[in-house]
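Please read the structure below before turning to the comments.
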Amino acid sequence: MKKKDGVATDTAAPASVEKETPTCSPPKGTKRAGHTDVVREIQQVESAEKVYGEAVSVARGIFSNIIEQTPPDITLCMNVVHKMIALHTANNEELVAMCEYSTPENYIYGHTANVTVMALLVGSGFNCSQDDLEKLGLCCLLHDLGMSKVLDVAAKKSHLSPSELVEIKHHPGYVEEILGNTTMGAELKNFVVRIISQVHERKHGGGYPAGLSGDDIHIFARIIAVSDVYEALTHNRAWRERCLPHEALKKMIEITDTDFDTDIVKYLIERLSLYPVGSYVKLNTDEIGRVVASNQGLPTRPKVKVLLSSDLKRAEQEKVIDLSRNTMTYIVDPVDETKLNLPDKKMALELKARRWWVKNT
Ligand SMILES: [Fe+2]
């Protein structure tokens, strides 16, 4: 499988910012959403919410089944994987935005759904066939099955001791036994077990359990590894706070030479941009907004919906600024929306709720 395109550089960043002349019409690249846009956005959000909610629910079911000693329901897994692939194929970026949802307690359900969304996003850019994508999605949903045996250790609020770390590293090895009675055919089961066993292998052989390197690690495992680490870094855990997306990507770039497939990391950045859909940013106008769509090849110039005015009050009129067209406006900083001290408490609650509330679960 080959990647479709490389990462383009951002050529639209303004060299200098000139003073804007007053105008009666919205500046170039800024628009108030028309009825058709609003309806389309609502439809995209609703379908993404529904599918994402279903994915978290399936993930929860997988882990409950294990506790009850019944195998995961592969039909349910495949149904939700089909829906995720369909949304990615329709370029519904709201599905990626849903991956903001996370609860540090029981993080494994959201993590499983999020990794699946990310990996299918990457897989869809690597000329994977529908059949490949379905297998990739299934491997993602099942990739942390083995953690069910060590969840108490994984949920500890303190740093793990060396022996606890060893215990955690055994988790990929439990998958074969857990999948023992599933309805999957032997060939598919062996394939899934092989991929999951390689998710923690690293490019230069520094991973576990077998110390595989380079192309000996299956591309699905390489895609899941990158998605797994990105997801973990960008979400809170009981023992640490999350990084903002650009910080997480920076950390990953630092270790890409030794740990990850460079093309996969580049493609993830290209698809997510440095400011992924769903993240919050401060503009040079001091307004704060939520990224609502990326612009391919322009990782610092997505479309931003302005939500807060410069005095942190709810924006009087929601407007969407396409930063690829409005070159006078640009992002000055990513923002952790959960740490804003907003005077409007309802607004503050709305922003925080996006991180823990999941529809239909
Ligand atoms: Fe994971």
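The values are calculated or read from the model by the stated rules, or taken from the named source; none is laboratory data. Source: prediction; values computed, not measured. Methodologically, a virtual Cβ is constructed for each residue, glycine included, from the backbone with ideal geometry; neighbour enumeration extends over all protein chains shown.
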How about the range 210-240: which of its residues are of a type outside the set (A, V, I, L, M, F, W, C) and farther than 20 Å from residue 272 by Cβ? 211, 213, 214, 215, 216, 218, 237, 240
Filter pass, residue 111 being within 15 Å of the ligand (Cβ to nearest atom) and surrounded by 15 or more Cβ atoms within 10 Å (Cβ to Cβ): yes
Read through the list (1) within 16 Å of the ligand (Cβ to nearest atom); (2) in contact (Cβ under 8 Å) with a residue 24 or more places away in the chain; (3) closer than 26 Å to residue 96 by Cβ; (4) not polar (S, T, N, Q), then give the number of the only condition that residue 271 fails. (1)
Taking interchain pairs and intrachain pairs at least six residues apart, which have beta carbon atoms under 9 angstrom, with the first residue in the range 109-133 and under 25 Å from residue 66 (Cβ atoms) and touching a residue at least 24 places away in the same chain (Cβ under 8 Å) and the second within 16 Å of the ligand (Cβ to nearest atom) and among the basic types (Lys, Arg)? 109/60; 112/60
Residue list for the range 71-125, filter: within 16 Å of residue 56 (Cα to Cα) and in a loop (DSSP other than H, G, I, E, B): 72, 73, 99, 100, 101, 102, 103, 104, 105, 106
Note on the range 147-177: residues within 15 Å of the ligand (Cβ to nearest atom) and either aliphatic (A, V, I, L, M) or without any contact (Cβ under 8 Å) to a residue 24 or more places away in the chain (or both) are 147, 150, 151, 153, 154, 155, 168, 175
I'd like to check which helices (runs of 4 or more DSSP H) are fully inside the range 173-281 and have at least 1 residues that are modelled with pLDDT of 95 or more, out of contact with any Gly (no Cβ under 6 Å at 6 or more places or on another chain) and of a type in the set (Phe, Trp, Tyr). 186-197, 219-233
Which condition number in (1) surrounded by 19 or more Cβ atoms within 10 Å (Cβ to Cβ); (2) more than 20 Å from residue 268 (Cα to Cα) is the one that residue 162 fails? (1)
What number goes with the only condition from (1) under 19 Å from the mean Cα position of the chain (by Cα); (2) more than 15 Å from residue 144 (Cα to Cα); (3) surrounded by 20 or more Cβ atoms within 10 Å (Cβ to Cβ); (4) of a type in the set (A, V, I, L, M, F, W, C) that residue 217 does not pass? (1)
Which is within 21 Å of the chain's Cα centre (by Cα) and within 30 Å of residue 239 (Cα to Cα), of 132, 144? 144
Given the conditions (1) crowded, with 22+ Cβ neighbours inside 10 Å; (2) over 23 Å from residue 98 (Cα atoms), every one holds for residue 288 apart from (2)
Residue 65: without any contact (Cβ under 8 Å) to a residue 12 or more places away in the chain, more than 15 Å from the ligand (Cβ to nearest atom), assigned to a helix (DSSP H, G or I) and not aliphatic (A, V, I, L, M), yes or no? yes
Among residues of the range 126-146 being closer than 16 Å to residue 225 by Cα and away from the ligand (no atom under 16 Å from the Cβ), the residue modelled with the lowest pLDDT is 126
As an exercise: evaluate residue 162 against (1) at pLDDT 90 or above; (2) over 22 Å from the mean Cα position of the chain (by Cα) and give the number of the one condition it does not meet. (1)
